[in-house]
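Structure record follows, encoded as structure tokens.
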Amino acid sequence: MSNLQVPVRGGRPNGNNSNTTPTTKAVILVGGPSRGTRFRPLSLDLPKPLFEVAGHSIISHCFAAVTKLPEIREVFLVGYYDESVFRDFIKDSHRTYPNITIKYLREYQALGTAGGLYHFRDAILKNRPDRFFVLNADVCCSFPLAQMQQMFTEKDAEAVILGTRVPNDAASNFGCIVSDAHSKRVLHYVEKPESHISNLINCGVYLFSTDAIFPSIKSAIKRRADRPRLVSYPSSDALDSTYLPPSRSDRPDEDDDGQTNEVIRLEQDILSDLADSRQFYVLETKDFWRQIKTAGSAVPANALYLMKAFQQQSSELAAPSAKILPPVFIHPTAQVDPSAKLGPNVSIGPRAIVGPGVRIKESIVLEDAEIKHDACVLYSIIGWSSRVGAWARVEGTPTPVREHSTSVVKNGVKVQSITILGKECVVADEVRVQNCVCLPYKELKRDVANEVIM
């Protein structure tokens, strides 16, 4: 690390040629299997970044945004899933974008959003990029990366964060940004504040100068190491004279700078310091944004991406008709009866079968699922290979697509607004399922509402 030359601040290019385009890379943070528990039961069978919304995996939407910037030739996925998880995605991405190198960097344990960047700093800094994007994979938005780059250059910035406005009562659930209204410089950043400070929140998309972010993470690690620690010793009667604190060489998680690799997070440990000491700016997006945290949040994310595709007149979407209320995505291998009415905001997955007279609205039907004749599916996710019987009704509760919560209160109990059937569930003929989360391999033979079916 010490013999790597770090580029100059603000994205100014190396060398004497001032017309050289600044080199830029991108990092997509994918998390790991101990994360995404709120995405169950869907994440029981598929890692959350690979779950499909609007016909493409969540991570594909991030990657597609990165590929629109021609100067980005190298993309890293950072997380602690097994290497095999993203193998097919990387192969497909290589095939589609042969000029972009994409690599998966696996953490040996959860290191946090900043800890993972620092652990793989040598790979990120190879060929001395001036700056790099960091995208959280569980974010659904239009990813205005070109605008972030433009602000980075115009402001001679060291960091740019993407921000958006949310209702005041929802702001404290996110990282809050206080910025100068004129210059857009970030003055203060607090992760999930206890009291209201701002309704401008962190969208989880960043552009960092390489010479600003890594020293900031290093100093955060040093502060953590220097902090006094409470050490618990055995009681005096059990204290053996041979007991000694572990020596430096016995500590397994130290890197080559002698720093302990603990969980270091951008949001809690880094951004506040950047606001105090660096040229840190916020680009406020007026376009759509939401997190994909819970399984139910995949439905509004699906709607947002479908609406974006419809506005761009994407050829992937089904043609509007009396029975197709746009936007609707139907996989080429799916079978949809001409009398079925779909939309708006519906995605039908590979090899799914939709029978005659079916009505589907604001829902995701996954691979190999079957919806039998005259069934009704509203505000729901129908899991892989699940079956919905004839005249059955599977429904959730409508929530505004820009609402950041996917839970509602029914009879004084907080329940998921979206009904979710896990893998290979069966809903019998004429059964009604409302506001339920059903774990995989269950069969529902009677009406059920406001329950988690285990």
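Worth a mention:
- Residue match in the stretch 96-106 (condition: surrounded by fewer than 23 Cβ atoms within 10 Å (Cβ to Cβ), in contact (Cβ under 8 Å) with a residue 40 or more places away in the chain, among the charged types (D, E, K, R) and touching a helix residue (DSSP H, G or I) at 6+ places or on another chain (Cβ under 9 Å)): no
- Subset tally (residues that are of a type outside the set (D, E, K, R), farther than 15 Å from residue 54 by Cβ and open to solvent by 80 Å² or more (accessible area, probe 1.4 Å)) for the stretch 303-331: 2
- Put simply, of 262, 284 the only residue that is in contact with a helix residue (DSSP H, G or I) (Cβ under 7 Å, 6 or more places away or on another chain) and modelled with pLDDT of 65 or more is 262.
- Index of the failed condition, residue 242 passing every other in (1) outside any helix (DSSP H, G or I); (2) open to solvent by 30 Å² or more (accessible area, probe 1.4 Å); (3) at pLDDT 50 or above: (3)
- Output for the stretch 176-222, where each listed residue is within 28 Å of residue 66 (Cα to Cα), open to solvent by less than 10 Å² (accessible area, probe 1.4 Å), in contact (Cβ under 8 Å) with a residue 40 or more places away in the chain and among the aliphatic types (A, V, I, L, M): 177, 186, 200, 205, 207, 212, 213, 217
- Of all residues in the stretch 156-173, those satisfying the criterion of being in contact (Cβ under 8 Å) with a residue 60 or more places away in the chain and either buried (at least 17 other Cβ atoms within 10 Å of the Cβ) or not assigned by the TED database to the domain that holds residue 213 (or both) are 157, 158, 159, 160, 161, 162, 163, 164, 166.
- Of all residues in the stretch 71-95 being over 29 Å from residue 130 (Cβ atoms) and crowded, with 19+ Cβ neighbours inside 10 Å, the one that is nearest to the chain's Cα centre (by Cα): 81
- Any chance residue 342 is modelled with pLDDT of 85 or more and either under 30 Å from residue 167 (Cβ atoms) or touching a Pro at 6+ places or on another chain (Cβ under 7 Å) (or both): no
- Criterion (under 27 Å from residue 173 (Cα atoms), among the hydrophobic types (A, V, I, L, M, F, W, C) and either at pLDDT below 90 or open to solvent by 80 Å² or more (accessible area, probe 1.4 Å) (or both)) met by exactly one of 415, 437: 415
- All positions within the stretch 341-365 that are closer than 15 Å to residue 379 by Cβ, open to solvent by 10 Å² or more (accessible area, probe 1.4 Å) and part of a loop (DSSP other than H, G, I, E, B): 344, 345, 362
- Selection from the stretch 32-68 of residues that are open to solvent by 60 Å² or more (accessible area, probe 1.4 Å), part of a helix (DSSP H, G or I) and under 23 Å from residue 263 (Cα atoms): 37, 38
- Residue in the stretch 118-133 that is hydroxyl-bearing (Ser, Thr, Tyr) and open to solvent by 20 Å² or more (accessible area, probe 1.4 Å) present: no
- Any strands (runs of 3 or more DSSP E) falling wholly within the stretch 94-198 and containing at least 2 residues that are modelled with pLDDT of 85 or more and basic (Lys, Arg): 101-106
The values are calculated or read from the model by the stated rules, or taken from the named source; none is laboratory data. Only a predicted model underlies this, so the values are computations on that prediction, with no experimental measurement involved. Quick reminder, even Gly has a Cβ in these numbers, built from the backbone with ideal geometry, and neighbours come from all protein chains shown. Please note that ligands, DNA and RNA were not included when accessible areas were found on the heavy atoms of the full protein model with its side chains. Shrake-Rupley method; radii C 1.70, N 1.55, O 1.52, S 1.80 Å.
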